[in-house]
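Below is one structure, written out as structure tokens, with a few remarks after it.
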Amino acid sequence: MILVTGANGGLGSATLAALRANGATAAGGSRTPGEGMRRLDFDDPTTLDLTGVATLVLVSAGYAEDDQVVARHAAVLDAAVRDGVRHVVYTSLTTAGDHLGFALAHRATERLVRTSGLPWTILRNGLYAELFGGLLMWTGEGVESAFGGGALAAVARRDLADAAALVAADPAPHAGRVHDLVGTPITAQEVAGRLGVPHHAIGLGEYRRRLLDETPGLLPFQPPMLASIATGVRHGFLAGTTPDLTGLLGRPPRDPLATAASAASAARPPRDRG
């Protein structure tokens with residue numbers, strides 16, 4: 001059986017759906033499980049029962065400070081070794097993202113995966129096109145961002161889910177391999193053009209101020225993470241491409257520009273819809 005962690009999240013749920021659509025025997029795990037899921041709370045070792053799991057798709061539990069994220073992943077990997085899991089597929093961060101504010105937890109987890117003694121595959125996922133579109137800020141006249149003229153090799157989340165499902169369904173050919181799954185570079189100006197509105201670039205200082213002063217609900221570690229994405233895109237560190245995603249999928253990836261534009265449109269406040 002294949003078990004996908006974080007199965008109530010966007011990537012985990014899409015990966016589980018792709019596995020089942022292809023006829024794989026797969027289950028989901030979550031701290032808040034739905035029907036047919038296992039309860040897996042990474043902060044509660046008593047719930048980490050991986051008995052009967054042949055392949056574990058470990059979707060990063062990155063919604064916390066680095067030390068907590070790495071501890072969570074270590075606990076799951078310990079359980080995988082204990083319970084006889086035969087292969088671990090970890091959804092990590094693109095190689096180009098080494099400088100990002102959330103890279104350390106991914107690289108530390110990769111080290112844990114490599115030294116666990118289990119056969120492994122690491123999927124270094126590019127940043128979501130949905131995230132790129134969702135980070136554009138609507139104004140009365142169009143959209144603003146701190147991305148400048150920089151490009152992001154963005155990926156539709158469903159493509160990353162499809163890739164994870166394909167690897168998990170037949171992991172042996174991918175044992176010991178790292179796949180860098182990035183897409184086609186797109187810019188904020190191009191997304192705005194697809195939306196039919198202008199784009200205005202703001203400085204990184206102004207963006208950080210807005211994150212700190214005008215964005216309710218962010219946890220303390222999130223503004224630096226978001227600012228690191230903005231400066232990474234702005235200065236051209238996240239635009240590189242590789243053939244890995246197309247090779248895994250066996251088809252061209254979904255259009256990241258259309259995906260980003262759809263996400264931006266969905267995030268548009270009603271007052272700015274004309």
Margin query: Can you tell me which residue is most open to solvent (accessible area, probe 1.4 Å) among those in the range 70-84 that are among the aliphatic types (A, V, I, L, M) and either touching a residue at least 40 places away in the same chain (Cβ under 8 Å) or in contact with an Asp or Glu (Cβ under 7 Å, 6 or more places away or on another chain) (or both)?
Written below: V70
Note to self: Would you confirm whether or not the range 260-268 contains a residue that is open to solvent by less than 70 Å² (accessible area, probe 1.4 Å), more than 24 Å from A156 (Cβ to Cβ) and of a type in the set (K, R)?
What the structure shows: no
Note to self: Please determine whether any residue of the range 85-107 is in contact (Cβ under 8 Å) with a residue 24 or more places away in the chain, more than 29 Å from L238 (Cβ to Cβ), surrounded by fewer than 21 Cβ atoms within 10 Å (Cβ to Cβ) and of a type in the set (A, V, I, L, M).
What the structure shows: no
Item checked: Residue list for the range 1-12, restricted to those being over 25 Å from P119 (Cβ atoms) and either without any contact (Cβ under 8 Å) to a residue 40 or more places away in the chain or outside any helix (DSSP H, G or I) (or both) -> N8
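Only one residue in A21, A14, A26 is touching a helix residue (DSSP H, G or I) at 6+ places or on another chain (Cβ under 9 Å), under 30 Å from R234 (Cβ atoms) and modelled with pLDDT of 95 or more. Which one?
Sole residue among the options that is touching a helix residue (DSSP H, G or I) at 6+ places or on another chain (Cβ under 9 Å), under 30 Å from R234 (Cβ atoms) and modelled with pLDDT of 95 or more: A14.
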Checklist line | Tally, over the range 108-136, of residues that are of a type in the set (A, V, I, L, M) and either assigned to a helix (DSSP H, G or I) or surrounded by fewer than 19 Cβ atoms within 10 Å (Cβ to Cβ) (or both) | finding: 6
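Would you confirm, using the coordinates I've provided, whether F147 is surrounded by 19 or more Cβ atoms within 10 Å (Cβ to Cβ), among the aromatic types (F, W, Y), within 30 Å of A21 (Cα to Cα) and touching a residue at least 24 places away in the same chain (Cβ under 8 Å)?
Considered against the rule, which asks whether it is surrounded by 19 or more Cβ atoms within 10 Å (Cβ to Cβ), among the aromatic types (F, W, Y), within 30 Å of A21 (Cα to Cα) and touching a residue at least 24 places away in the same chain (Cβ under 8 Å), F147 comes out as no.
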Check: Name the pairs: first residue in the range 232-250 and open to solvent by 70 Å² or more (accessible area, probe 1.4 Å), second residue in a loop (DSSP other than H, G, I, E, B) and among the aromatic types (F, W, Y), Cβ to Cβ under 6 Å, at least 6 apart or on different chains?
Finding: R234/F147
Checklist line | Qualifying positions in the range 1-36 - within 14 Å of the chain's Cα centre (by Cα) and of a type in the set (G, A, S) | finding: G6, A7, G9, G10, G12, S13, A14
Margin query: For the range 166-200, which positions are open to solvent by less than 50 Å² (accessible area, probe 1.4 Å), out of contact with any Pro (no Cβ under 9 Å at 6 or more places or on another chain) and within 30 Å of G140 (Cβ to Cβ)?
Written below: T187, A188, V191, L195, V197, H199
Next item on the list: Test each condition in (1) open to solvent by 30 Å² or more (accessible area, probe 1.4 Å); (2) at pLDDT below 95 for D272 and report the one that comes out false.
Entry: (1)
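Please tell me if D67 is of a type in the set (D, E), more than 17 Å from F221 (Cβ to Cβ), open to solvent by 10 Å² or more (accessible area, probe 1.4 Å) and part of a helix (DSSP H, G or I).
Spelling it out, it is not the case that D67 is of a type in the set (D, E), more than 17 Å from F221 (Cβ to Cβ), open to solvent by 10 Å² or more (accessible area, probe 1.4 Å) and part of a helix (DSSP H, G or I).
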Check: Could you say which residue among L204, L219 is hydrophobic (A, V, I, L, M, F, W, C), closer than 19 Å to G134 by Cβ and open to solvent by 60 Å² or more (accessible area, probe 1.4 Å)?
Finding: L219
Check: Looking only at the range 13-59, which residues are buried (at least 18 other Cβ atoms within 10 Å of the Cβ), part of a helix (DSSP H, G or I) and of a type in the set (S, T, N, Q)?
Finding: S13, T15
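The values are calculated or read from the model by the stated rules, or taken from the named source; none is laboratory data. The shown structure was predicted, so the numbers you read here are calculated from the model rather than taken from an experiment. FYI the Cβ positions are ideal-geometry reconstructions off the backbone, even for glycines, and counts take in every protein chain you see. Side chains are part of the model used for accessible areas, which takes the heavy atoms of the whole protein and leaves out ligands, DNA and RNA. Shrake-Rupley method; radii C 1.70, N 1.55, O 1.52, S 1.80 Å.
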